[in-house]
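The values are calculated or read from the model by the stated rules, or taken from the named source; none is laboratory data. A quick note: this is a predicted structure, and the numbers were derived from the prediction, not measured. Cβ placement follows ideal geometry from the backbone for every residue including glycine, while neighbour counts extend to all protein chains displayed. Just the protein is used for accessible areas: all its heavy atoms, side chains included, with ligands, DNA and RNA removed. Shrake-Rupley method; radii C 1.70, N 1.55, O 1.52, S 1.80 Å.
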Amino acid sequence: MAIIQNSTSPLVARLQGVHLFGFDGAPCSQRVSFALAEKGLKRVRTVRWDSDDPAVCVAPPGGYIFRPVSLIKKAHMTPAYAAIQPNMVVPALVLDGTLVVESMDIVDFLESRWPEPALVPGDPEARALMHSLIELGKTLHVSVRYVSFHWGLGRLGRTSAAEEETIAKLERSESPEQLLAFYQRYNRGTIDEGVFLGHLAALEAGWGAQEARLAGDGRPFLTGGQFSRADILWAVKMQRIVECGYPFAARFPHLHAWFRRMQARPPFAQGVMGPNRVFHHGFRLKAAIENFLGFGIARVAGVKA
Ligand SMILES: N[C@@H](CCC(=O)N[C@@H](CS)C(=O)NCC(=O)O)C(=O)O
């Protein structure tokens, strides 16, 4: 589990209760807010991410304090945030001074503290499938990045020259995210269309396997009869691609029906959709216009790289 010992941020040790450093439009952060809502923990307050005011350093039991780290304002590319999350991405979670990074490790950590309701299936076979779907989801995280930058964020996803320099200064060479390498190519438009199509095809292969399983036995959840962490990870991933305008209902109807079931869960509505509404509608509108004009993601759905 990605617990960060000896964080250089003075803020971490001061935080009591649960504090989530995240961004509501970001899938990795949404996974954690979805899981917190499934565990019945409510977002009781939203404060500046770096506030060390004693009045907001203690989260009440049964709730959590949200500390939004704006990816738009590039708050994650600052020395103070890098001291909390050394890979300069959201989310990061602190519970009573213990700092955890990596979204699925955070979900695991939450499970160890709040075992009920369980987000792990009781059946060993379903549990093994959950773990393999989570591993697949982690591997495909980079593909969601490429697809959502290309067909979702577009030019908005670019960083300025000054921001690129900041990443170069702050990013550790061993960071698994390798933000600098990505932005250097993304900012200059040097990533070949085939690379983006390859990432979309990788995601489609993942969705195809799930479509077959859901269609095969009519199971309600990805691993069978019980909701699990795999549903959290994949529903949030799908949410982002839906926002890019991908035609799921036509391409993967059973997966689409499963996604509608996930959306109907109150914790999804509360943890993912509620705070994400502005981003969601903005992205959907942009995607609908692009699909209508014929250069959106719908045009390339199902096209191999
Ligand atoms: N492996 C990390 C990935 C985190 C990640 O990539 N976060 C994205 C948002 S989903 C981010 O903060 N990106 C910042 C950027 O692209 O500049 C996790 O699962 O927590």
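Descriptive notes on the structure:
- With the simple model of a label 7 Å out from the Cα in the direction of the Cβ, residue 125 to residue 53 spans 5.5 nm.
- Cut-off 13 Å between beta-carbons: net charge of the residues surrounding residue 249, Lys and Arg +1, Asp and Glu -1: +1
- Probe 1.4 Å - accessible area at residue 143, Å² to nearest ten: 10
- Considering only 56, 114, 150, and ranking their Cα positions along the charge dipole of the chain that arises from unit charges at the beta-carbon of Lys, Arg, Asp and Glu, the one farthest toward the positive end is 150.
- Pairs from 42/237; 73/304; 42/138 whose Cα-Cα separation, in the structure shown, is over 31 Å: 73/304
- Residue-normalised accessible area of the chain, expressed per residue, 1.4 Å probe, Å²: 43
- Per-pair calculated FRET efficiency, R0 = 45 Å: residue 217 and residue 83 via Cβ, rounded to 0.05: 0.40
- Between residue 165 and residue 261, the modelled labels are 5.3 nm apart [label points 7 Å from Cα along Cα→Cβ].
- With R₀ set to 35 Å, the beta-carbon distance separating residue 278 from residue 251 gives a calculated FRET efficiency near 0.80.
- Here's the picture: a label point sits 7 Å out from the Cα of residue 44 along the beta-carbon direction, and within segment 1-26 the residues with their amide nitrogen under 12 Å of it are 16-19.
- The chain - percent of accessible surface contributed by carbon and sulfur, probe 1.4 Å: 58
- Coarse-grained scattering of segment 201-258 at q = 0.14, 0.23, 0.30, 0.31 Å⁻¹, given as base-10 log I(q)/I(0) from a Debye sum over alpha-carbon atoms: -0.34, -0.94, -1.47, -1.51
- In summary, the chain shows an alpha-carbon radius of gyration equal to 0.98 times the 2.2 N^0.38 Å reference for compact globular proteins.
- Only helical runs count toward this figure. For the chain, summing -39,500 (n - 2.57) over DSSP H runs of n ≥ 4 and dividing by all residues gives -15000 deg cm²/dmol at 222 nm.
- Taking each residue as 0.36 nm, the span from residue 156 to residue 191 lengthens on full extension beyond its C-alpha to C-alpha distance by 11.0 nm.
- Remark: spin-label model distance residue 292-residue 6 equals 5.8 nm, labels positioned 7 Å along the Cα→Cβ axis.
- Beta bridges by DSSP in the chain, antiparallel share as percent, to the nearest 5: 50
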